[in-house]
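Report on the following structure.
The values are calculated or read from the model by the stated rules, or taken from the named source; none is laboratory data. Worth saying up front: this structure is predicted, and the values here are computed from it rather than measured. Here the Cβ positions follow ideal geometry from the backbone for every residue, glycine too, while neighbour counts run over all protein chains shown. Side chains are part of the model used for accessible areas, which takes the heavy atoms of the whole protein and leaves out ligands, DNA and RNA. Shrake-Rupley method; radii C 1.70, N 1.55, O 1.52, S 1.80 Å.
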Amino acid sequence: MKDINCAYEYAREQYAAIGVDTEAAIAKVLATPVSLQCWQGDDVKGFESLETGLTGGIMSTGAYPGKARNGEELRADLDQVLALVPGTNKINVHAFYCEGAKADRNEITPANFSAWADWAVEKGIGLDFNPTFFSHPMSDDGTLSAADENVRKFWIDHLIACREISAYFGERTGKRCGMNIWIPDGCKERPIDTLSPRLRLTDSLEKGCAKNYGNLMKDAVESKLFGIGSESYVVGSHEYYMGYAMKHPEVMFTMDTGHYHPTELVSSKLTAIFSFVDEVLLHVSRGVRWDSDHVVSFDDETQAIMHELVRSNTLDRTNISLDYFDGSINRVAALVIGARNTKKALLKAMLEPIDMLKAAEAAGDTTTRLALTEEYKSYPFGIVWEMLCQRAGVPGANWLDQCKAYEKTVIAARG
Ligand code: RNT
Ligand code: ZN
């Protein structure tokens, strides 16, 4: 059997003939960070063991055995994930994955996250962070938009604490920490007063985000269409946060691919947002009929997003994160599948002869544009992907073997 080098040589030449440098594409994909959500590892449970269970109108379904029960287990699982996902990765941590001395959400400090920081420093990777405005007895009647001033104060204090922790992550890892703010505030039925909660949210965000941490951390705001129990009204809607991000240029705008009407696509919104916003944070997910947070697939939309970023040269203004939680299959595999698909889609986008296509477009030759775009879809990019994995020292298509072995020896032993 011929080896991969032989096949790669052929692929490299084919791409070179249309002006695409596969080596440069591999290098760019390997250098582009993708932030992997720790919450896939335990069905968004966290380490606090409060009575509430998962709230906030999101839901993880499935009862696959062996979810991580503490920081040690979760980080061990993430070690295994990182061994199977090529290139630069970050780990995305949520505030309720706190450890050490017991502290309520408004009291957590960097000390509660030193185990995460130590681990990341040892691995040489960056961390991102999220305040947790759900799964807490104080989050039932709103958080940052709550009418009750005590409740609102509690969550502003949580926001302040989380930004301090994010800056700590930035300092410890030497890599800027992106902090994504998502709140579940909303209503099952249409409220009469839809404005006041939004004005309170603005006030809370401006108060909570007042401190400037320089380049150690950067805030992001994530909008949503609806949640379970907030079907009729969501305070932090798309238009709301778009407006907030316009008013606060230092804040990133987050788009989660599951947070729009099923016929709306994030890929079609990106350059509109980039016309006015400096940096975007992506939650790459897959909604099936609703915001179901399925594992990211190598599907049309994931590819379209990557094409948009590469074609518009906005990849460096984009923070790619994953956000889904599937408890019905091996959770390590779930994270690996979504992460590999995301990077695969990015690679495919990097292998497009953009200059040639742009030239055809500029010349008004839309026939060539369509003919070639379609033709290049079947170029041998799978071989380039295999080579990318080899260069990164991770398995190719047979990565599942390692994952299964880990399941047998480690995950199966969990009660
Ligand atoms: C919820 C948002 C949010 C969460 C995570 C766990 O709809 O997508 O990003 O999924 O914070
Ligand atoms: Zn999200």
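Tell me the accessible surface of residue 153 in square angstrom (1.4 angstrom probe, heavy atoms of protein chains only), to the nearest ten.
Accessible surface of residue 153 is approximately 110 Å².
Angle between the Cα long axis of helix 71-82 and the longest principal axis of the chain, 0 to 90 degrees, nearest 10?
With both axes taken from Cα atoms, the answer is about 20 degrees.
Percent of alpha carbon pairs in the chain separated by more than 40 Å?
17
Angle, helix 4-17 long axis vs. longest principal axis of the chain, Cα atoms, 0 to 90°, nearest 10?
So the inclination is approximately 90 degrees.
Measure off 7 Å from each Cα along the Cα-to-Cβ vector at residue 247 and residue 70, then give the distance between these two points in nanometres to one decimal.
Label at residue 247, label at residue 70, 4.5 nm between them.
Can you bin region 20-131 into rounded, prolate or oblate? Criterion: square roots of the alpha carbon gyration tensor eigenvalues sorted a ≥ b ≥ c, rounded for a/c under 1.5, prolate for a/b above b/c, oblate for the rest.
Prolate, because a/c is 1.5 or more and a/b exceeds b/c.
What accessible area, in Å² to the nearest ten, does a 1.4 Å probe give for residue 85?
Here the residue's solvent-accessible area equals roughly 0 Å².
List, in the order given, every pair from 211/247; 28/218; 377/408; 28/67 whose Cα-Cα distance in the structure shown is over 28 Å.
377/408; 28/67
So what J values fall out for region 350-363 if you push phi through Karplus, 6.51 cos²θ - 1.76 cosθ + 1.60 with θ = phi - 60°, rounded to Hz, Gly and Pro as x?
6, 9, 8, x, 4, 4, 5, 5, 5, 5, 4, 5, 5, 7
Using r as the Cβ-Cβ distance of residue 63 and residue 363, and R0 as 60 Å, what FRET efficiency do you calculate, to the nearest 0.05?
That gives a FRET efficiency of 0.55.
Distance between the C-alpha centers of region 205-239 and region 276-301? Whole Å please.
Centre-to-centre distance over Cα atoms comes out at 17 Å.
Of 306, 246, which has the most accessible area with a 1.4 Å probe, and how do the rest follow in descending order?
On the way: 306 0, 246 75 Å².
The ranking, largest first, comes out as 246, 306.
How many nm is it between the label spots at residue 375 and residue 276, if each spot is 7 Å from the Cα in line with the beta carbon?
4.0
Which residues in region 382-397 place their backbone N less than 14 Å from a point set 7 Å from the Cα of residue 10 along the Cα-to-Cβ direction?
Under 14 Å, as judged by backbone N against the label point of residue 10, lie 382-384 of region 382-397.
Do the sum for the chain: with -39,500 (n - 2.57) for every DSSP H run of n ≥ 4, divided by all residues, what is the mean residue ellipticity at 222 nm, to the nearest 500 deg cm²/dmol?
-13000 deg cm²/dmol
For 18, 383, 192, give me the order by solvent-accessible area with a 1.4 Å probe, most accessible first, ignoring ligands, DNA and RNA.
192, 383, 18
What is the dipole size for region 212-282, taken about its Cα centre, with +1 at each Lys and Arg Cβ and -1 at each Asp and Glu Cβ, in debye to the nearest 20?
In total the dipole reaches around 40 debye.
Among 210, 199, 174, which residue has its Cα furthest toward the positive end of the charge dipole of region 157-217, with +1 on Lys/Arg Cβ and -1 on Asp/Glu Cβ?
Farthest towards the positive pole: 174.
Probe 1.4 Å, all protein chains in place: accessible area of residue 52 in Å², nearest 10?
Ignoring ligands and nucleic acids, residue 52 comes out at about 50 Å².
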